Amino acid sequence: MRSILVANVKGGVGKTTIASHLAAAFATAGSRTVLAEVDRQRSSLGWLERRPRTAAAILGIDWTKEIGEPPKGVDRLVIDAPAAMRAKDVEQLVREADLVVLPVLPGAFDEAATARFLGKLDELKAIRKNRIPVAVVGNRLRPRTRAAERLDGFLSGVGHTVVARLRDSQLYPDLADSGLTLFDLTSKRAAEVRADWTPLLDYIRGLD
């Protein structure tokens, strides 16, 4: 089993969108996939409740009160972490992970919060020794904007691998309302936006 923790202490950076898309990508590829909800807002579990039965199956588990054990026979576990975690919560969740995926948005506030979180992660021995890698993902980017250029500059100096840059698209909120993701669609438009995910998925496959 591979376990992917999607985390950042800054709220609103797209953790649930990324967690749900990763889960759907794994499920549609045939992996037995579990999506663990740690955030008390329960956005991931709400998304799963809206997911059509015809879509690739993803099992949701509630870890909002206590971090438990995933079911047996799972291929992929995706953990949707809450914002504003305490240091001990971060450490506990990192222990459950083979990889930390860290989304960040363009903007000074998001970059500053992300830099502080990366500092906390680097204090953990497993991160510092690179036993658990951190994959940084630039999210909701609009090409050829100052914000995108600024984020590229920030990402180039974070000291961790920047594996993907996801464009801003109305498809994401539209699909979330239906419990779906880009990986559940076959349209040309969805395929174009979905291509942004290829570097991240290739990176995860490289850990196997």
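Summary of values
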| item | result |
| --- | --- |
| Distant-in-sequence amide H partners of Val101 (H built 1.01 Å from N, under 5 Å) | Leu5, Val6, Ala7, Ala135 |
| Simple label model, 7 Å out from Cα along Cβ direction - Ala29 to Ser187, nm | 2.5 nm |
| Helical contribution to [θ] at 222 nm, DSSP H n ≥ 4, -39,500 (n - 2.57), averaged over the chain, rounded to 500 | -11000 deg cm²/dmol |
| Estimated distance in nm for a label pair at Lys129 and Asp98, the labels positioned 7 Å out from Cα along Cα-to-Cβ | 1.9 nm |
| Nonlocal amide H pairs with Ile61, under 5 Å, H built at 1.01 Å | Leu35, Ala36, Glu37 |
| Loop-resident sites, the stretch 8-108, for GluC sites (Glu not before Pro), counting at most 10 other Cβ within 10 Å (DSSP) | Glu66 |
| Enclosed volume per residue, in Å³, of the convex hull spanned by Cα atoms of the chain | 114 Å³ |
| Backbone HN-Hα couplings from phi across the stretch 160-177 [Karplus 6.51/-1.76/1.60, Hz, Gly and Pro as x] | 10, 5, 8, 9, 7, 10, 9, 6, 6, 8, 5, 4, 4, x, 4, 6, 4, 4 |
| Point-charge dipole on Cβ atoms (K/R +1, D/E -1) for the chain, about Cα centre, debye to 20 | 200 debye |
| 5 angstrom amide H check on Thr161, placed H, neighbours 5+ away | Val134, Val136 |
| Charge dipole of the chain about the Cα centre (unit charges at C-beta), most positive-ward option of Pro71, Gly60, Val136 | Val136 |
| Spin-label pair Ala57/Ala87, simplified geometry with 7 Å Cα→Cβ offset, distance in nm | 4.3 nm |
| Rel. contact order, % - alpha carbon contacts under 8 angstrom, at least six apart, the chain | 25 percent |
| Low-density loop positions, GluC sites (Glu not before Pro), the stretch 115-197 - DSSP coil, at most 14 other Cβ in 10 Å | Glu123 |
| Solvent exposure ordering (accessible area, 1.4 Å, most first) of Lys188, Lys120, Lys88, Lys65 | Lys65, Lys188, Lys88, Lys120 |
| Charge sum, other residues only, whose C-beta stays under 13 Å from Asp208's C-beta, Lys/Arg counted +1 and Asp/Glu -1 | 0 |
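The values are calculated or read from the model by the stated rules, or taken from the named source; none is laboratory data. Owing to the predicted nature of the structure, the values given are computational and were not obtained by experimental measurement. Here the Cβ is made from the backbone with ideal geometry for all residues, glycine too, and neighbour counts use every protein chain on show. Quick note on the areas: whole protein, heavy atoms, side chains included, nothing else; ligands and nucleic acids left out. Shrake-Rupley method; radii C 1.70, N 1.55, O 1.52, S 1.80 Å.
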